[in-house]
1. Kindly provide the pair-distance distribution of the chain built from C-alpha pairs, with 20 Å bins from 0 and whole-percent values in order of increasing distance.
2. Can you check what the Kirkwood hydrodynamic radius comes to for the stretch 1-49, Cα pairs only, in Å to one decimal?
3. Along its three principal axes, how long is the stretch 38-78 when you only count alpha carbons? Whole Å, largest extent first please.
4. For Cα pairs less than 8 Å apart in space and 6+ apart in sequence, what is the mean separation divided by the residue count of the chain, i.e. the relative contact order in percent?
5. From the phi of every residue in the stretch 185-199, what ³J(HN,Hα) in whole Hz does the Karplus formula 6.51 cos²θ - 1.76 cosθ + 1.60 yield, where θ is phi - 60° and glycine or proline is x?
6. The stretch 1-131: Rg/Rh from Cα coordinates, Kirkwood Rh?
7. Measure nothing but the geometry: give the 0 to 90° angle between the long axis through the Cα atoms of 203-215 and the longest principal axis through the Cα atoms of the chain, rounded to 10°.
8. Only Cα pairs under 8 Å and at least 6 apart count here; give the relative contact order of the stretch 1-100 as a rounded whole percent.
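The values are calculated or read from the model by the stated rules, or taken from the named source; none is laboratory data. Small disclaimer: the values here were computed from a predicted structure and weren't measured. So basically every Cβ, Gly included, is an ideal-geometry build from the backbone, and we count neighbours across all protein chains shown. Just so you know, the surface numbers come from the protein's heavy atoms only, side chains and all, with ligands and any DNA or RNA stripped out. Shrake-Rupley method; radii C 1.70, N 1.55, O 1.52, S 1.80 Å.
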Amino acid sequence: MSVNIKKVGVLTSGGDSPGMNAAIRAVVRTCAFHNIECAGIYRGYQGMIEGDFKEMNARSVNNIINKGGTILKSARSKEFMTAEGRKKAHQNLVDHNIDALVVIGGNGSFTGALIFNSEYNFPVIGIPGTIDNDIYGTSFTLGYDTALNTVVEVIDKIRDTASSHNRLFFVEVMGRDAGHIALNAGIGAGAEEILIPEEDMGLDRLLESLRKSKASGKSSSIVVIAEGDKIGKNAFELKDYVEENMPEYDVRVSILGHMQRGGTPSCFDRVLASRLGVKAVETLLDGKSNYMVGLIKDEVVLTPLENAVKGKSHIDKELIRVSDIVSI
């Protein structure tokens, strides 16, 4: 164990995701296990600038493993993007005797951590927390599995209505830059078509697919759309387009929105958060910094934080092929 690390600060930043609380719990209790102190930093980097810290021990995180969101809150901080803001943040860490940081968040949070480390040589470790699953260096991010299950459950309910009324539903899910949720939830919920940012399906192919579905005897259809799909039209514009070209369809739109970010984390996300939280603290105690902890092939691995920020997660092309086959 490194004698330099006597107190670790933990914060959540960016969008919340189910599993963040489980990760906070793991960080705090790993610190307690190794007899070092831990401080919770409220409201992310903004709280770091304002000195919004709270000492935490093993009992501070009772009964939070099952809760969505984050007990430490999250906030965007424009001030942290300035050198003066980061200077205040560093002084607060020094004043509170904090020697290292665990940052739970996504690309923006990790970028801030990298800049902060480069300016002050302050040890940082990242834990990937975002439902979009769009961070390089891990097969799964915290909250992704829970969001998938939420989306599938909702689409199952929408299908009941679609079938009862012979309707076509466009269901828009989160994923401005990545189609992981749309692709996997679409397959899991039996969607007829899936529109994602990584693939340009085109309007003509969409119409052709819907015509084939109709001709094959399908009386209702579900099309899952990632909010950033390549067609470039939002769900309501697609609705109008389909109704103009296929008036036989009664089209409805459902935007799932922020319900995808909330709710009780799945068992998978709780276990993942626990594994990553333990590894984050123990990586700091081993004297390492500027890494993200992630899961690849069911092993917890370290990825340089810079690679996690600059790298790009890739969609599984095999899943696209599977989707094309099973939606026939």
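1. In whole percents, the pair-distance histogram is 32, 47, 19, 1.
2. Working: mean 1/r = 0.0855 Å⁻¹.
One over the average 1/r among Cα pairs gives 11.7 Å for the stretch 1-49.
3. So the three principal-axis extents are 32, 21, 9 Å.
4. 24
5. Per-residue couplings from phi come out as 5, x, 5, x, 9, x, 5, 6, 9, 9, 10, 10, x, 6, 10 Hz.
6. Ratio of gyration radius to Kirkwood radius: 0.93.
7. 60
8. This gives 38 percent for the stretch 1-100.
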